[in-house]
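Read-outs throughout are calculated quantities, based only on the coordinates presented, and are distinct from any laboratory measurement. Computed from a predicted model, the values in this text were never measured in an experiment. In this analysis, Cβ positions are derived from the backbone assuming ideal geometry, glycine residues included, and neighbour counts consider all displayed protein chains.
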Amino acid sequence: MTRPTYALISLDHLRHNYRLAKQKSVGSSYAVIKANAYGHGLLECARALPEADGFVVARVDEGVLLRQGGISQVVVVLQGACSAEEWQEAARHQLQLVIHHEQQLAQAESLTLSDHIQVWLKINTGMNRLGVRPEEAQRLIMRIQASQSLHLAQVMTHFASADTGNSREIDPALAALDSQSWPAALSVNNSAALLTGLANIVESNESVSRPGIMLYGSSPLLQQSADELNLKPVMTLNSQIIHTHQVKAGESVGYGADWQAPKDSRIAVIAIGYGDGYPRQARQGTPVLVDGIECPLIGRVSMDMITVDVSAHPGAGIGTPVELWGERLEVDRVAHYCDTIAYELFCQLTPRVKRVYQ
Ligand SMILES: *Cc1c(COP(=O)(O)O)cnc(C)c1O
């Protein structure tokens with residue numbers, strides 16, 4: 001028997017979304033599966049994509065898990081190595097590493113690595129998080145080229161605001177890249193940039209795109225929904241009603257008595273809470289799909305439960321299935337009610353929620 005609260009993961013939809021990303025790519029496309037594949041399961045998602053040109057993770061340990069799980073495609077590590085041990089581990093497991101700071105390069109130069117390593121040089125084009133400034137890049141590239149054990153695979157950048165779909169946000173970054181010639185292909189496209197196509201002019205058929213969130217069926221664009229973009233939801237978060245009762249007008253529900261019934265109401269208690277990763281900041285009125293009918297969240301989210309007003313749904317009772325987001329309730333809508341983004345909702349899901357793959 002499945003537990004009442006579980007996340008159903010559609011690997012078919014993951015493949016559908018990857019194909020769309022690949023279709024939109026100028027060159028090849030590496031699926032971003034960092035942070036446990038945005039909460040969807042690292043190895044399960046990687047194994048479901050034998051057609052993927054490669055994979056992208058954030059940390060060396062995530063790359064090692066992929067290798068130990070038998071994944072043989074290219075694996076790129078976005079944060080690169082944090083220590084000499086990580087350089088050696090990357091060489092041993094044939095992981096490609098991003099160099100985003102001169103010190104990482106200096107560390108590699110001081111080591112005798114057991115094997116060649118393909119590296120990506122990250123250029124800071126305005127995000128001002130990781131990366132070297134464009135004017136420093138050529139000097140570092142010369143050092144990479146002079147190294148016995150390093151080989152430059154791609155030159156990459158990551159945009160701060162590709163999600164607006166506004167070219168004015170991206171143009172200065174593109175201009176910074178275009179003002180130099182590079183000895184390797186440029187990799188610039190995350191999901192948002194890929195779907196707008198605004199940055200394609202700097203890529204070639206040797207470039208690698210790095211789609212993440214779109215693979216999981218959430219829209220990275222502010223102006224367009226996942227459905228409009230032909231993305232299919234991968235995760236459907238399910239639970240069920242474990243209790244129902246009537247409250248009278250003026251009575252309150254939940255901690256802090258935050259919600260008071262404006263009229264006599266029927267309340268359902270659902271077996272999911274912030275202990276499962278359902279966000280505590282979900283506002284009153286956040287949509288919850290009770291047996292296909294949208295009902296508003298009321299009262300505070302607790303650790304193991306939420307409460308919903310099911311007055312409009314007389315058929316709802318103990319055992320009635322509930323969808324928190326997914327197939328029929330867009331995760332981006334729920335995220336909006338929680339003042340966050342789907343990325344966080346996915347990543348926050350705790351291990352208590354069993355992932356069921358289909
Ligand atoms: C996470 C990440 C991506 C994927 O971004 P999405 O918005 O999820 O498509 C691509 N590139 C870098 C450098 C990242 O950190």
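When you work out D = kT/(6 pi eta Rh) for region 245-358 at 10 °C and 1.306 mPa s, using the Kirkwood radius from C-alpha pairs as Rh and the Stokes-Einstein form, the result is 110 µm²/s. Remark: region 93-110, residue by residue, has Karplus-estimated 3J(HN,Hα) of 9, 6, 9, 8, 10, 7, 9, 10, 8, 4, 5, 5, 5, 4, 5, 4, 5, 8 Hz, where x stands for each Gly or Pro and the curve is 6.51 cos²θ - 1.76 cosθ + 1.60 at θ = phi - 60°. Think of the chain as a dipole: +1 on every Lys or Arg Cβ, -1 on every Asp or Glu Cβ, centred on the Cα centre; then among 81, 229, 277, 277 lies furthest on the positive end. Counting every C-alpha pair in region 303-358, the share spaced more than 18 angstrom apart comes to 49%. Here the sum of -39500 (n - 2.57) over DSSP H runs of 4 or more residues, divided by the residues of the chain, equals -7500 deg cm²/dmol at 222 nm, to the nearest 500. Its Kirkwood hydrodynamic radius, worked out from the mean inverse distance over all distinct Cα pairs, puts region 215-272 at 14.7 Å. Note on the chain: Lys pairs 8 or more places apart or on different chains, Cα atoms under 27 Å apart, count 11.
In terms of Cα atoms, the Rg and Dmax of region 157-276 work out to 23.3, 72 Å. Remark: the residue 142-residue 294 segment gains 48.8 nm on full extension, using 0.36 nm per residue and subtracting the alpha carbon distance. Out of region 195-291, which trypsin sites (Lys or Arg not before Pro) are coil in DSSP terms and have no more than 10 other C-beta atoms within 10 Å? Hits after loop and neighbour filter: 248, 263. Charge dipole of region 67-179 (Cα centre as origin; +1 on each Lys and Arg Cβ, -1 on each Asp and Glu Cβ, all else neutral): 80 debye, rounded to the nearest 20. Taking the Cα centre of the chain as origin and assigning +1 to Lys and Arg Cβ atoms and -1 to Asp and Glu Cβ atoms, the resulting dipole is close to 400 debye. Remark: spin-label model distance residue 116-residue 128 equals 3.9 nm, labels positioned 7 Å along the Cα→Cβ axis.
Among 208, 152, 165, flag the residue with its Cα farthest along the positive direction of the charge dipole of region 116-232, charges on Cβ as +1 for Lys/Arg and -1 for Asp/Glu. Toward the positive end, the furthest listed residue is 152. Its Cα gyration tensor gives region 44-149 an equivalent ellipsoid, and the semi-axes of that ellipsoid, as √(5λ) in whole Å with the largest first, are 24, 17, 11.
Distance from the C-alpha centroid of region 106-138 to that of region 234-309: 49 Å, rounded to the whole angstrom.
Using only the alpha-carbon atoms, how far is helix 11-24 inclined from the longest principal axis of the chain? Give it as 0 to 90 degrees, nearest 10. Roughly 40 degrees, rounded to the nearest 10. Distance between the pseudo-spin-label points of residue 244 and residue 51 (7 Å out from Cα toward the beta carbon): 4.3 nm.
If you bin all the Cα-Cα distances of the chain at 20 Å, starting from zero, the percentages per bin are 28, 48, 21, 3. Under a model in which nothing but the beta-carbon of Lys, Arg (+1) and Asp, Glu (-1) is charged, region 277-358 shows a dipole of about 280 debye around its Cα centre. Applying 1/(1 + (r/R0)^6) with R0 = 25 Å to the Cβ-Cβ distance of residue 109 and residue 206 gives a FRET efficiency near 0.45.
With viscosity 0.890 mPa s and temperature 25 °C, the Kirkwood radius over alpha carbon pairs of region 228-303 converts through Stokes-Einstein to a diffusion coefficient of 178 µm²/s. Lys/Arg Cβ at +1, Asp/Glu Cβ at -1, dipole of the chain taken about the Cα centre: which of 28, 90, 307 is farthest positive-ward? After comparing all options, I get 307.
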